[in-house]
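The values are calculated or read from the model by the stated rules, or taken from the named source; none is laboratory data. All values derive from a computational prediction rather than experimental measurement. Here the Cβ positions follow ideal geometry from the backbone for every residue, glycine too, while neighbour counts run over all protein chains shown.
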């Protein structure tokens, strides 16, 4: 009898973890503030449905949700000021926890650890909360400030939630000592996390980090500097502190009583209470309140350039307005914001009102000295506010040299107020140029590529013909008279910044 040998090969069966229920991730910040993100999930085989609730956001339904073993993936679609924004999430379920890989604003990924709160299946995605719709507002007259782009320092990029009264005083001292005040850096700006709530009369209060804001302002003023503060038109700021919602006039008068000189006004939770179509009217409320406060206060809009913000920023009393989302201390972020997202915005800039591609990251350690030099050059060509964001109490000499380059600062502060435009592009190399009040031109020859490259600036592209006297603003050298075009060897991620004086025949 022949024996038949049969070999069985058992393949593992695919399975899907059951993640049905309510999941919560809690972020705790150094100042003790917490922020929760909730997931309501339902598993059906390998399909995943439900919704996500994030701070200052309506609930958003999950689409394309899949579970493969312990791996989770889904898409969240949100209305982003009238445009659809899709965000892809992936994660892993293990040991009764869910780790979600979340895209961060700077292009990197960060992990959020979710805990299982209950096994209740989610119901329908909650409907958005009703929004306030404001009628169009009357234009707010100019406050006469910021004839050139504001210069100074802001606390957020380096100190984030750790900013305090002692730090601000030390920064003010350092700005006087290290030459930044003399170079034109005047504003010392406190960003988010100074707020404590309101008293029985509704007056905004400071928290324990800022025991006496008026005394702090007096100290900064005693150094020959000005002081700035931060708020939001929503109920809460981006860091979940007290905003100015329905207290605009009261807050403006408080700022004036404290002798504040600058207000950064960040949209944030305003999305939870206002129809975004009302954004112009919302900012006009504070613009008018500042104008009526009895003190000249520079008004800096932080609404990320959405809803055509640059087109109406000046009409609401704004002296500057953000044109993009937040910058981060990375080449990819800085170059995307500075080069790609400033095109076609030059018509909206001029004395008293400026496009703002966000604060400087120079000296925070995420870029090379070459890249920081490019950063400073581009912002100066763009006539952007120059708000340093590093720790000025201890600055490396090569970083201070960048921030204090008087010839580059003079380009930014040129009183003609014409923002540069890109006049040529060939692959990774670009040339940007702006006319100056004395009849000369500032021209930046940029290399965004990974290898050094020759970059040529043609005078005809900048708007004139003939010969021109050329000066290198980083080397502080006169390069002679050059006919028709100038070529420079530019390192990877680098710049050659020149001032060009046309030679009359």
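Laid out as a table, the results:
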item	result
Positions within the stretch 169-196 being assigned to a helix (DSSP H, G or I) and either touching a helix residue (DSSP H, G or I) at 6+ places or on another chain (Cβ under 6 Å) or surrounded by fewer than 23 Cβ atoms within 10 Å (Cβ to Cβ) (or both), in sequence order	169, 170, 172, 173, 174, 175, 176, 177, 181, 182, 183
Test result for residue 431, in the same structural domain as residue 340 (by TED's automatic domain parsing), in contact with a helix residue (DSSP H, G or I) (Cβ under 8 Å, 6 or more places away or on another chain) and either crowded, with 20+ Cβ neighbours inside 10 Å or at pLDDT 95 or above (or both)	no
Number of the condition not met by residue 473 [criteria: (1) loosely packed, with under 12 Cβ neighbours inside 10 Å; (2) closer than 22 Å to residue 379 by Cβ]	(1)
Lone qualifier among 257, 239 - being touching a residue at least 40 places away in the same chain (Cβ under 8 Å) and either surrounded by fewer than 18 Cβ atoms within 10 Å (Cβ to Cβ) or more than 21 Å from the chain's Cα centre (by Cα) (or both)	257
Residue under evaluation residue 269, criteria (1) touching a helix residue (DSSP H, G or I) at 6+ places or on another chain (Cβ under 7 Å); (2) over 21 Å from residue 163 (Cα atoms); (3) buried (at least 20 other Cβ atoms within 10 Å of the Cβ), criterion not met	(1)
Unique match (being in contact with a strand residue (DSSP E or B) (Cβ under 9 Å, 6 or more places away or on another chain) and either assigned by TED's automatic domain parsing to the domain that holds residue 403 or part of a loop (DSSP other than H, G, I, E, B) (or both)) among 418, 469, 454	418
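Residues checked against (1) within 22 Å of the chain's Cα centre (by Cα); (2) more than 19 Å from residue 400 (Cα to Cα):
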{"residue": "159", "(1), (2)": "yes, no"}
{"residue": "166", "(1), (2)": "no, yes"}
{"residue": "173", "(1), (2)": "no, no"}
{"residue": "178", "(1), (2)": "no, no"}
{"residue": "195", "(1), (2)": "yes, yes"}
{"residue": "203", "(1), (2)": "no, yes"}
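Let's see how each residue does on (1) in contact (Cβ under 8 Å) with a residue 40 or more places away in the chain; (2) closer than 25 Å to residue 124 by Cβ; (3) loosely packed, with under 13 Cβ neighbours inside 10 Å; (4) out of contact with any strand residue (DSSP E or B) (no Cβ under 9 Å at 6 or more places or on another chain):
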position: 42; (1), (2), (3), (4): yes, yes, no, no
position: 61; (1), (2), (3), (4): yes, yes, no, no
position: 65; (1), (2), (3), (4): no, yes, no, no
position: 68; (1), (2), (3), (4): yes, no, yes, no
position: 77; (1), (2), (3), (4): no, yes, no, no
position: 84; (1), (2), (3), (4): no, yes, yes, no
position: 93; (1), (2), (3), (4): yes, yes, no, no
position: 99; (1), (2), (3), (4): no, no, no, no
position: 102; (1), (2), (3), (4): no, yes, no, no
